[in-house]
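Participant: Quick one: this structure, given as structure tokens, is what I'll be asking you about.
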Amino acid sequence: MALLPILTAPDPRLKKKSKPVDAVDDALRRLMDDMLETMYAAPGIGLAAPQVGVLKRLVVLDIDREEVKTGPLFLVNPEIVEASDEDATYEEGCLSVPEHYSDVARPAKVRVRYLDRDGKQQEMACEGLLATCVQHEIDHLDGILFIDHISALKRNMILRKLLKARKEKEREAAEGKPVAKAKESVPAL
Ligand code: GNR
Ligand code: NI
């Protein structure tokens, strides 16, 4: 098992359409296990393969709330086959859009068809947070982030902040953070 680095916006790989998985084999199961471990460590309730730089239609999920407890779920080539007319709004976040949250309206109930960990076709009826999360993850497979569902003004503000935070981090890494050294040097003054 291994923790995988999670890509953050703006990253061109998060905007790409992922390719269908053609075989559910041991290599794919290994990737799913690493994704699940990465998701728990983050922590998050879902993770799509493109978030770890793998452009395959693959999602892991584990929702553990009072209303919904799913246990770990592995969705290969997931497809929405039915969606309710009625919408539900949740405040969404994303591991690829760290520290930003926005209300997003989506169909309140969906039916999803997918291949499970053994490559067997399954269907699952989803509502509440699970319905939101499944749609959020399938969006990732199509290069769509939750910020693509909000106003351009708000989206661009978030993207600018993420870019600024990344540049600051890169600059600190390049200069070497002198925190510990500065403290040590105080008594010597
Ligand atoms: O951990 C996550 N929480 C979350 C909350 C509301 C709506 C969607 C999500 S998914 C997110 C993890 C993530 O980024 N998955 O792609
Ligand atoms: Ni996400």
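Participant: Can you find a residue in segment 136-149 that is among the hydrophobic types (A, V, I, L, M, F, W, C), modelled with pLDDT of 95 or more and in contact with a Leu (Cβ under 7 Å, 6 or more places away or on another chain)?
Facilitator: Checked segment 136-149: at least one residue is among the hydrophobic types (A, V, I, L, M, F, W, C), modelled with pLDDT of 95 or more and in contact with a Leu (Cβ under 7 Å, 6 or more places away or on another chain).
Participant: Take the residues in segment 134-144 that are open to solvent by less than 10 Å² (accessible area, probe 1.4 Å) and either within 14 Å of SER102 (Cα to Cα) or touching a Lys or Arg at 6+ places or on another chain (Cβ under 6 Å) (or both), then tell me which one is farthest from ligand 1 (Cβ to nearest atom).
Facilitator: If we take residues in segment 134-144 being open to solvent by less than 10 Å² (accessible area, probe 1.4 Å) and either within 14 Å of SER102 (Cα to Cα) or touching a Lys or Arg at 6+ places or on another chain (Cβ under 6 Å) (or both), then GLY143 is farthest from ligand 1 (Cβ to nearest atom).
Participant: All but one of (1) touching a Ser or Thr at 6+ places or on another chain (Cβ under 8 Å); (2) within 16 Å of ligand 2 (Cβ to nearest atom); (3) basic (Lys, Arg); (4) open to solvent by 20 Å² or more (accessible area, probe 1.4 Å) hold for ARG166, so report the exception by its number.
Facilitator: (2)
Participant: If only one of ARG57, ARG65, ARG29, ARG106 is farther than 24 Å from LYS161 by Cα and in contact with a His (Cβ under 9 Å, 6 or more places away or on another chain), which one is it?
Facilitator: ARG106
Participant: Identify, by number, the condition in (1) buried (at least 16 other Cβ atoms within 10 Å of the Cβ); (2) assigned to a helix (DSSP H, G or I); (3) of a type outside the set (D, E, K, R) that MET157 doesn't meet.
Facilitator: All conditions are met except number (1).
Participant: Another question about this same structure. At least 3 residues that are in contact with a Lys or Arg (Cβ under 8 Å, 6 or more places away or on another chain), more than 13 Å from ligand 2 (Cβ to nearest atom) and under 19 Å from HIS140 (Cα atoms) in each: list the strands (runs of 3 or more DSSP E) lying fully within segment 7-121 that qualify.
Facilitator: 73-83
Participant: Across segment 115-133, what is the number of residues that are surrounded by 16 or more Cβ atoms within 10 Å (Cβ to Cβ), within 16 Å of ligand 1 (Cβ to nearest atom) and touching a residue at least 40 places away in the same chain (Cβ under 8 Å)?
Facilitator: 5
So that you can scan it fast, the table gives a plain yes or no per residue for (1) in contact with a helix residue (DSSP H, G or I) (Cβ under 9 Å, 6 or more places away or on another chain); (2) open to solvent by 40 Å² or more (accessible area, probe 1.4 Å); (3) in contact (Cβ under 8 Å) with a residue 12 or more places away in the chain:
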| position | (1), (2), (3) |
| --- | --- |
| LEU58 | yes, no, yes |
| ILE80 | yes, yes, yes |
| ASP85 | no, yes, yes |
| VAL110 | yes, no, yes |
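The values are calculated or read from the model by the stated rules, or taken from the named source; none is laboratory data. All of these numbers come straight from a predicted model, not from anything done at the bench. Cβ coordinates were reconstructed from backbone atoms using ideal geometry, including for glycine residues, and neighbour counts include every protein chain displayed. Please note that ligands, DNA and RNA were not included when accessible areas were found on the heavy atoms of the full protein model with its side chains. Shrake-Rupley method; radii C 1.70, N 1.55, O 1.52, S 1.80 Å.
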